[in-house]
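Structure, as structure tokens:
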Amino acid sequence: MNKLLINIKELCGILDDQKAPLAGHQMNTFNTIKDAYLKIKDGKIAGFGPMNELSDYSKWEIIDVKNQLVLPCWYDSHTHIVFAGTREGEFIDRINGLTYEQIAAKGGGILNSAELLNKTSEDNLFESAETRLNEVMNLGTGGIEIKSGYGLTLEGELKMLRVIKRLKEKYDLPIKATFLGAHALPKAYKAQKEKYIDLIINEMLPNIHAEKLADYIDVFCETNYFTVDEMDKILEAGKKHNLKPKVHVNQFTSIGGIQNAIKHQAVSVDHLEILNDNDINALRKSKVISTLLPSCSFFINIPYSPAKKLIQHDIPFALATDYNPGSSPNGNMNLVVALACIKMNISPEAAINAATINGAFAMEIQHEYGSISKGKWANLNLTDSINSYGFIPYSFGVNHINKTMIKGNWIN
Ligand code: NIG
Ligand code: FE
């Protein structure tokens, strides 16, 4: 039945159809209506307004939300939630002084996860990924991007992407799949990087295309991982299979990945913890959306991306969790929003915009999701009885999402 939410303390994140991701001063604008109603018909937002303008109660299932806030769901545009096992051992190594890069150099890190993943069945991977998906949906995530990249073999990568496909089929929230074969050089190809890149281009990509397993292509373009030239070659090959880039760049070093991704008309450039003036200039002149991952900075103790500077330069950005076993074993978008305010010094309005509408842009689903707009899907978060949306980041580490609705249905 069609639903009518009444007595909403504050209906937050109202937008007209946005042509471009929010940037600059727009990041700090956040339209809300206090004491509001919201109508949901066939899973979509059919109308909203102040309570005193509400007429025509008939034919609606009335839900009195009793002074709770309603926001659009979070859109987590960068995750790696398909993985096997966890890496607490490396966590202890880092506590004892090793860096993320040092652990990777001695064969840990991504290669550690790849070894485990290749020993794990598709069904077991599906089960654990599904548990993580339910966990984050219960924290208010209403759309998610998921990467491969822990297979690093033809079978392993296909297995991961098939798991993502099964999640897409089973769940109502929008899910995007990204092929990240170039996540690290597998042990079997040590000193044979060319050969591994050939495998990506000549074996993995055609198979992925044949099974329609991916929406995007990613490369970890970084010192000791993949060079700009290697990324160039892989993205070019991806284009032949209609895969647009969403890439890992500038996590530890600035080596020209942003400029190359822009040349390939990437949808997003992700991480950006290390940015120099040339990078900022390149971002300013492009249409690419930056994706910032503050819980990764928090967990592995690296700099936070300069979000304030991006706002000053009118560069649009999304916020995402990077949920993965190595650099961010946490998929809580509420925490990401809090870290963005606390550690990147941006306003709650900017952080929430980055985690909702701009996240939807980073997955190219902005016309149907990401804001309170007539005609968009009713993917909504209902808070508990807090006073204001600013309380969400202020009261960091606590979940204030009381209920989540996906396409008009409560999931909890
Ligand atoms: O986004 N930096 C590359 N990939 C992941 C981490 C992967 C891992 O450590 O397992 C990231 O941080
Ligand atoms: Fe990542």
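The values are calculated or read from the model by the stated rules, or taken from the named source; none is laboratory data. Since this is a predicted model, take the numbers as computed values, not measurements. Neighbour counts run over all protein chains shown; Cβ positions are idealised from the backbone, glycine included. Surface accessibility is based on the protein's heavy atoms, side chains included, excluding ligands, DNA and RNA. Shrake-Rupley method; radii C 1.70, N 1.55, O 1.52, S 1.80 Å.
Would you tally the residues in region 235-255 being within 16 Å of ligand 2 (Cβ to nearest atom) and closer than 21 Å to Lys287 by Cα?
7
Do any residues in region 225-246 that are farther than 24 Å from Gln102 by Cβ have Cβ atoms under 6 Å from those of residues that are open to solvent by 40 Å² or more (accessible area, probe 1.4 Å), where the two are at least six apart or on different chains, and which pairs are they?
Note: pairs meeting the criteria are His241/His209.
Output yes when any residue across region 300-316 is under 19 Å from Asn134 (Cα atoms), assigned by TED's automatic domain parsing to the domain that holds Leu116 and not small (Gly, Ala, Ser), and no when none is.
The answer is no; no qualifying residue exists.
Return the pairs, sorted by first residue and then second, in which the second residue is among the hydroxyl-bearing types (Ser, Thr, Tyr) and within 16 Å of ligand 2 (Cβ to nearest atom), the first residue lies in region 107-127 and is closer than 14 Å to Met160 by Cβ and touching a residue at least 12 places away in the same chain (Cβ under 8 Å), the beta carbons are less than 6 Å apart, and the residues are 6+ apart or on different chains.
Once the first residue is closer than 14 Å to Met160 by Cβ and touching a residue at least 12 places away in the same chain (Cβ under 8 Å) and sits in region 107-127, its partners that are among the hydroxyl-bearing types (Ser, Thr, Tyr) and within 16 Å of ligand 2 (Cβ to nearest atom) give Ser113/Tyr150; Ala114/Tyr150; Leu117/Tyr150.
Can you find, within region 58-82, the residue that is nearest to ligand 2 (Cβ to nearest atom) among those that are open to solvent by less than 10 Å² (accessible area, probe 1.4 Å) and of a type in the set (A, V, I, L, M, F, W, C)?
Checked region 58-82; the qualifying residue nearest to ligand 2 (Cβ to nearest atom) is Ile81.
Please go through region 136-172 and give me each residue that is open to solvent by less than 10 Å² (accessible area, probe 1.4 Å), in contact with a Pro (Cβ under 8 Å, 6 or more places away or on another chain) and away from ligand 2 (no atom under 16 Å from the Cβ), ordered by number.
Those that are open to solvent by less than 10 Å² (accessible area, probe 1.4 Å), in contact with a Pro (Cβ under 8 Å, 6 or more places away or on another chain) and away from ligand 2 (no atom under 16 Å from the Cβ): Gly142, Gly143.
Please verify whether Thr356 is within 16 Å of ligand 1 (Cβ to nearest atom), in the same structural domain as Arg132 (by TED's automatic domain parsing), at pLDDT 95 or above and among the β-branched types (Val, Ile, Thr), treating the condition exactly as stated.
Taking the combined requirement at face value, the residue does not satisfy it.
Going by what's in this entry, would Glu115 be described as within 16 Å of ligand 2 (Cβ to nearest atom), among the charged types (D, E, K, R) and either open to solvent by 30 Å² or more (accessible area, probe 1.4 Å) or not assigned by TED's automatic domain parsing to the domain that holds Pro186 (or both)? Full working, then the answer.
Values: within 16 Å of ligand 2 (Cβ to nearest atom): no; among the charged types (D, E, K, R): yes; either open to solvent by 30 Å² or more (accessible area, probe 1.4 Å) or not assigned by TED's automatic domain parsing to the domain that holds Pro186 (or both): yes.
So Glu115 fails the test.
For Ile280, state whether it is open to solvent by less than 30 Å² (accessible area, probe 1.4 Å) and hydrophobic (A, V, I, L, M, F, W, C).
yes
I'm checking my understanding of the structure. Among residues of region 309-327 that are farther than 25 Å from Ile95 by Cα and part of a loop (DSSP other than H, G, I, E, B), which one is most open to solvent (accessible area, probe 1.4 Å)? Walk me through it before giving the result.
Taking region 309-327 and keeping what is farther than 25 Å from Ile95 by Cα, we get 309-319.
Restricting the remaining residues to those that are part of a loop (DSSP other than H, G, I, E, B) gives 313-316.
Working: His313: 63, Asp314: 96, Ile315: 1, Pro316: 17 Å².
Applying the filter and picking the extreme gives Asp314.
From Asn381, Asn330, Asn387, Asn402, which residue is outside any helix (DSSP H, G or I), open to solvent by 10 Å² or more (accessible area, probe 1.4 Å), under 19 Å from Asn138 (Cα atoms) and more than 16 Å from ligand 2 (Cβ to nearest atom)?
Numbers: Asn381 fails: open to solvent by 10 Å² or more (accessible area, probe 1.4 Å); Asn330 fails: more than 16 Å from ligand 2 (Cβ to nearest atom); Asn387 fails: under 19 Å from Asn138 (Cα atoms).
Of Asn381, Asn330, Asn387, Asn402, the one residue that is outside any helix (DSSP H, G or I), open to solvent by 10 Å² or more (accessible area, probe 1.4 Å), under 19 Å from Asn138 (Cα atoms) and more than 16 Å from ligand 2 (Cβ to nearest atom) is Asn402.
Among the residues of region 261-277, which ones are surrounded by fewer than 24 Cβ atoms within 10 Å (Cβ to Cβ) and either closer than 20 Å to Lys308 by Cβ or over 20 Å from the mean Cα position of the chain (by Cα) (or both)?
Result: Lys263, His264, Glu273, Ile274, Leu275, Asn276, Asp277.
Which of the residues that make up region 336-353 are within 16 Å of ligand 1 (Cβ to nearest atom) and open to solvent by 10 Å² or more (accessible area, probe 1.4 Å)?
Once the filter is applied, which keeps residues that are within 16 Å of ligand 1 (Cβ to nearest atom) and open to solvent by 10 Å² or more (accessible area, probe 1.4 Å), region 336-353 yields only Leu339.
Tell me, please, whether a residue that is open to solvent by 10 Å² or more (accessible area, probe 1.4 Å) and within 16 Å of ligand 2 (Cβ to nearest atom) can be found in region 355-369.
Looking for residues that are open to solvent by 10 Å² or more (accessible area, probe 1.4 Å) and within 16 Å of ligand 2 (Cβ to nearest atom), one finds none in region 355-369, hence no.
Can you spot a residue in region 12-25 that is open to solvent by less than 50 Å² (accessible area, probe 1.4 Å), within 22 Å of Trp74 (Cβ to Cβ), among the polar types (S, T, N, Q) and at pLDDT below 95?
Taking every residue of region 12-25 in turn, at least one turns out to be open to solvent by less than 50 Å² (accessible area, probe 1.4 Å), within 22 Å of Trp74 (Cβ to Cβ), among the polar types (S, T, N, Q) and at pLDDT below 95.
Applying the selection to region 178-196, what residues are in a loop (DSSP other than H, G, I, E, B) and either under 15 Å from Asn112 (Cα atoms) or not polar (S, T, N, Q) (or both)?
Matches in region 178-196: His183, Ala184, Leu185, Pro186, Lys190, Ala191.
Give region 67-109 a look and list any residue that's under 24 Å from Gly370 (Cα atoms) and more than 12 Å from ligand 1 (Cβ to nearest atom), or say none.
Scanning region 67-109 gives Asn67, Gln68, Leu69, Val70, Leu71, Pro72, Cys73, Trp74, Tyr75, Asp76, Ser77.
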